[in-house]
Amino acid sequence: MVRYEVKEFKSIVNKLKFIDSWFWCAYTVNPYNGCYHDCIYCDGRTRKYNMHADFEETVYVKVGAAEALDKKIRQGRAMLPDVVSMGGVCDAYQPAEAEYGITRGILEVLHKHGFPAFLLTKSDLITRDLDVISAINQRSWATVAFTVTTVDDGLARVLEPGASPPSRRLEALRRVKARDPRIQTGVCAMPIIPFLEDADGAIESLVASTKEAGCDFLLFAPGVSMRDEQASYLLRKMEAAFPKEHGLFVDKYLKDDAFRATWTRETNDKLLAACKGLGLAVRARRFIPADHRKHNYAIAERLLNEAYELQLAGGRWKGHFWAGQAVQMLREPVADVHARGGLRGIKGMTAAVAAEIEPWIPARQGLDRFIPGKARE
Ligand code: SF4
């Protein structure tokens, strides 16, 4: 039985040190602390998030969050419109949202100020807010993603007991596209638990279902992070529900480094091949603002996507990754930096990557820097 505790929080928005290269978000907002969905693998239980011990039983409701965000944006001159992600640590559409509407209030504030949004959930309640999500997308950019780690509703009932079944999540994705085909949609297959979610044909079914739901992308990260409270909760639940798979998971995935490396590589290959086979992107398209960040973000997107591809192929990827991060964090147009011969001096930029991106940089940024708001089409 879940218990709600209404609480005022002083700060509601978190600015990331680096823009996230999976979801392209610069800010995160959690309308709730705690999550009724109670996924057995949930990373929110990790100590670094400072959540309470009864994470799935007590949900703190952040009343006044929309007003606090509105005030923060109005006062925070340094807060340029950029992607706000919701649902990363505690699902923004868990059942509490039907009662309290904190997430909807936040979306309305984002729309008012022209901030784009990346929404990740496991609940079809999100379809209630398609009017405001569509409006955000029209003004700036909105992406709706569902985490789906298996298409087996029965298995998901044990792994993610409080969430909408995967069949309903996929149906919700169809409804998003039917309502507004311009909203980018996708599936996040994170995590994929070895011996539970990788049976023959399971990966292919997941990719095919994503495609059938009309999604634009599928992001994947097979395997499970294993950290402090999150790891002990997962192992306890797995042992109780799946003793045989728990034994295999511990003996092979956790204790055998060679097995884990091979499994991860092979599962990545399988996911990549299945996505390519169906013409499904494995990266989400990012928000590109129309101001001075326009070329910085577009170039960073290319570099970070290349870094990802190199990583999947087992190549050297860090040079592209850190150059991409550096370019997207520049406070001035990369064209200006280049024009005064400063490209190679950007922290994190190697000579090889600088040579690669030179042809992508326009001679001048021109008047772009003065145009606020709307993203690329
Ligand atoms: S929906 Fe997300 S935040 Fe909620 S328990 Fe599951 S993994 Fe954690």
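Across region 1-36, the number of residues qualifying as in a strand (DSSP E or B), at pLDDT below 95 and touching a Leu at 6+ places or on another chain (Cβ under 8 Å) comes to 1.
Mind checking which residues of region 77-87 are open to solvent by less than 20 Å² (accessible area, probe 1.4 Å) and under 19 Å from Phe18 (Cβ atoms)?
Across region 77-87, the qualifying residues are Asp82, Val83, Val84, Ser85, Met86.
Among residues of region 150-184 being among the acidic types (Asp, Glu) and assigned to a helix (DSSP H, G or I), the one that is most open to solvent (accessible area, probe 1.4 Å) is Glu171.
Does Thr147 meet the test of being crowded, with 23+ Cβ neighbours inside 10 Å and within 22 Å of Tyr27 (Cα to Cα)?
Spelling it out, it is not the case that Thr147 is crowded, with 23+ Cβ neighbours inside 10 Å and within 22 Å of Tyr27 (Cα to Cα).
Counting only residues that are more than 20 Å from Ile136 (Cβ to Cβ), in a loop (DSSP other than H, G, I, E, B) and more than 16 Å from the ligand (Cβ to nearest atom), region 56-84 holds 4 of them.
Among the residues of region 95-124, those that are surrounded by fewer than 22 Cβ atoms within 10 Å (Cβ to Cβ) and under 17 Å from Asp38 (Cα atoms) comprise Pro95, Asp124. Looking at region 120-127, is at least one residue more than 14 Å from the ligand (Cβ to nearest atom) and modelled with pLDDT of 95 or more? Among the residues of region 120-127, at least one is more than 14 Å from the ligand (Cβ to nearest atom) and modelled with pLDDT of 95 or more, which makes the answer yes. For the criterion of being part of a helix (DSSP H, G or I), closer than 30 Å to His111 by Cβ and at pLDDT 95 or above, Gly324 passes.
Residues being crowded, with 18+ Cβ neighbours inside 10 Å, in contact (Cβ under 8 Å) with a residue 60 or more places away in the chain and assigned to a strand (DSSP E or B) are entirely absent from region 38-55. Of all residues in region 193-218, exactly one satisfies the criterion of being surrounded by fewer than 22 Cβ atoms within 10 Å (Cβ to Cβ) and part of a strand (DSSP E or B), namely Phe217. Taking first residues from region 115-136 that are on the phi < 0 side of the Ramachandran plot and of a type in the set (Gly, Ala, Ser) and partners that are away from the ligand (no atom under 16 Å from the Cβ) and at pLDDT 95 or above, the Cβ contacts under 6 Å between residues at least 6 apart in sequence or on separate chains come to Ala117/Val84; Ala117/Leu110; Ala117/Ile136; Ala117/Ala142; Ser134/Asp180; Ala135/His111.
The values are calculated or read from the model by the stated rules, or taken from the named source; none is laboratory data. Bear in mind the structure is a predicted one, so any value in this text is a computation, not a measurement. Quick reminder, even Gly has a Cβ in these numbers, built from the backbone with ideal geometry, and neighbours come from all protein chains shown. Accessible surface is based on the protein model in full, side chains and every heavy atom, while ligands, DNA and RNA are left aside. Shrake-Rupley method; radii C 1.70, N 1.55, O 1.52, S 1.80 Å.
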